[in-house]
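Asker: Take a look at this one; I'll ask things after.
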Amino acid sequence: MSWYRWRYKAISAKVETTYGTSAAPAYATDLIYAENLQITPVEGQDIERQVDLGRASHTISHLVGKHVVITMDIPMHTSGVIGEPPSYGHILQACSAAEVITAAPSPNEGVVYTPIDDDPVSVTLRMRVDGMSQVITGCRGTWVARANIPGIPYWSVTMTGLYQAPTPETMPTATPTVAYTPPIPASKDLTSVTLGGVALSSSSVEINLGTTVQYVETTAVREVRVLRRDPTASITCEADLATRNFFADADAETDMEFVVAHGSGANRIKIRSVVARIGKITLTEVNGATGLVIPLRLRSSTTDPDLQVAFKAA
């Protein structure tokens, strides 16, 4: 009897032309360089029925609303070429973002992802585990961006899609042709976190897109819907009240710009919110120093979105 090795996992993704219709992602050309892949191959709601048949009475269970949930960590890297999306750009689109590409030689060249509320892109995912394959269509999701300094920044992605039963399939052996640029570790020289124009001595930062994704099934539709978005962030940094007293900013309910920038040149990524408001600050230890944990709630202005991800040199 054969067995499937859990460590032999791979996932590929491709944008769908029609929602819920497989885009047939290929292993070689559509592979995602992901880590910590986890899949719930069938999720849903158990409905129980108690059948009364005297001594033969028994309980029957029906699983309804079948769908699939996949989580993965994608190292935060660029394509290495200004104006060219990263290899996982379609995943960011499926997390309710519009992709805008400005090609060279424009002075504003780059790729920018801005949250949208209506008709987000959907992708087909193909999850392989050694001798098993599962095609998941209609996938949409959300992400949390995390960075420890020093360390590798990651997008922690959760995707929800329509259920199809797994099938046996031999793991492909072809060499992937997807372009891959190695991630750059977060560091003093290549990573900055600023709040209200003040550069912080940060040990970690986390940004949560805060998208609520739900599987919906009625007599008319079967789809994954994006219901709402409520982005937040959290900064852990060394305390320096003489430079800026963020407790006072919290008391005054001051709105300020929040920016995380990482990398340089063609390998630069910037996550920005123009309207961030501080919540309840707590104290912690950061490398032996007194530190602050600063929670933020991010929102849009009349001219800017609540959150924006840019792959640009400046």
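Asker: Between Ala250 and Glu169, what is the label-point separation in nm under the 7 Å Cα-to-beta-carbon projection?
Answerer: 4.9 nm
Asker: Any chance you could run the full-extension gain for Ala24 through Ser61? It's 0.36 nm times the residue separation minus the Cα-Cα distance, nm to one decimal. Let's see the in-between values first.
Answerer: Details: separation 37, 0.36 × 37 = 13.32 nm, distance 3.32 nm.
Extending this stretch completely gives an extra 10.0 nm.
Asker: Describe numerically, in nm with one decimal, the distance between label points set 7 Å from Cα along Cα→Cβ at Val178 and at Ala242.
Answerer: With each label point 7 Å from Cα toward Cβ, the separation is 4.9 nm.
Asker: How high is the relative contact order of segment 16-121? Use alpha-carbon pairs under 8 Å, at least six apart in sequence, and give a whole percent.
Answerer: Values: 148 pairs, mean separation 21.5, N = 106.
Once divided by the residue count of segment 16-121, the mean separation gives 20 percent.
Asker: Ranking request for peptides 174-182, 8-16: highest mean number of other beta-carbon atoms within 10 Å first, then the rest in descending order. Spell out each step's value before the answer.
Answerer: Values: 174-182: 12.8, 8-16: 19.8.
Descending packing order for the listed peptides: 8-16, 174-182.
Asker: Under 16 Å Cα-Cα from Lys14, which aspartates and glutamates qualify once same-chain neighbours fewer than 8 residues away are excluded?
Answerer: Filter leaves Asp30, Glu99.
Asker: Please report the net charge: other residues with Cβ closer than 12 Å to the Cβ of Val274, K and R +1, D and E -1. Show your work: numbers first, answer last.
Answerer: On the way: positive: Arg272, Arg277, Arg299; negative: Asp255, Glu257, Asp304, Asp306.
With Lys, Arg at +1 and Asp, Glu at -1, the neighbours total -1.
Asker: Using a 1.4 Å probe over the heavy atoms of the protein chains, calculate the carbon and sulfur portion of the accessible area of the chain as a whole percent. Display every interim value, and only then the final one.
Answerer: Working: 7900 of 15700 Å².
Here carbon and sulfur together make up 50 percent of the probe-accessible area.
Asker: Report the full-extension gain for the segment Asp118 to Glu43: residue separation times 0.36 nm, less the Cα-Cα distance, to one decimal in nm. Spell out each step's value before the answer.
Answerer: Numbers: separation 75, 0.36 × 75 = 27.00 nm, distance 2.54 nm.
Working it through step by step, the gained length comes to 24.5 nm.
Asker: Also, I was wondering about something else. Leaving ligands and nucleic acids out of the surface, order Thr137, Thr191, Thr21, Thr158 by accessible area at 1.4 Å, largest first. Intermediate results must be reported in sequence, preceding the final value.
Answerer: Numbers: Thr137 5, Thr191 30, Thr21 80, Thr158 55 Å².
Descending order: Thr21, Thr158, Thr191, Thr137.
Asker: What are the residues whose amide H is under 5 Å from the amide H of Ser300, where those residues sit 5 or more places off or on another chain and H is modelled from the backbone?
Answerer: Asp306
Asker: Before rounding to the nearest 500, sum -39500 (n - 2.57) across all DSSP H runs of length at least 4 in the chain and divide by the residue total; then give [θ] at 222 nm in deg cm²/dmol.
Answerer: My calculation for the chain gives -1000 deg cm²/dmol from helical runs alone.
Asker: Which value, in Å² rounded to 10, gives the accessible area of Ser87 with a 1.4 Å probe and all protein chains present?
Answerer: 30 Å²
Asker: Oh, and also: Calculate the spin-label point distance for Glu257 paired with Thr17, positioning each point 7 Å from the Cα along the beta-carbon direction, and give it in nanometres.
Answerer: Going by the 7 Å Cα→Cβ label model, 4.2 nm.
Asker: Taking a probe of 1.4 angstrom, what is the accessible area of Tyr4 in Å², to the nearest 10?
Answerer: Estimated to the nearest 10 Å², Tyr4 gives 110 Å².
Asker: Another question about this same structure. Ignoring ligands, DNA and RNA, what accessible area per residue does the chain give at 1.4 Å, in Å²?
Answerer: On the way: 15700 Å² over 314 residues.
About 50 Å² of surface per residue is accessible.
The values are calculated or read from the model by the stated rules, or taken from the named source; none is laboratory data. All of these numbers come straight from a predicted model, not from anything done at the bench. As a convention, Cβ positions derive from the backbone with ideal geometry for all residues, glycine included, and neighbour counts pool all protein chains shown. For accessibility, only protein heavy atoms count, side chains too; no ligands or nucleic acids. Shrake-Rupley method; radii C 1.70, N 1.55, O 1.52, S 1.80 Å.
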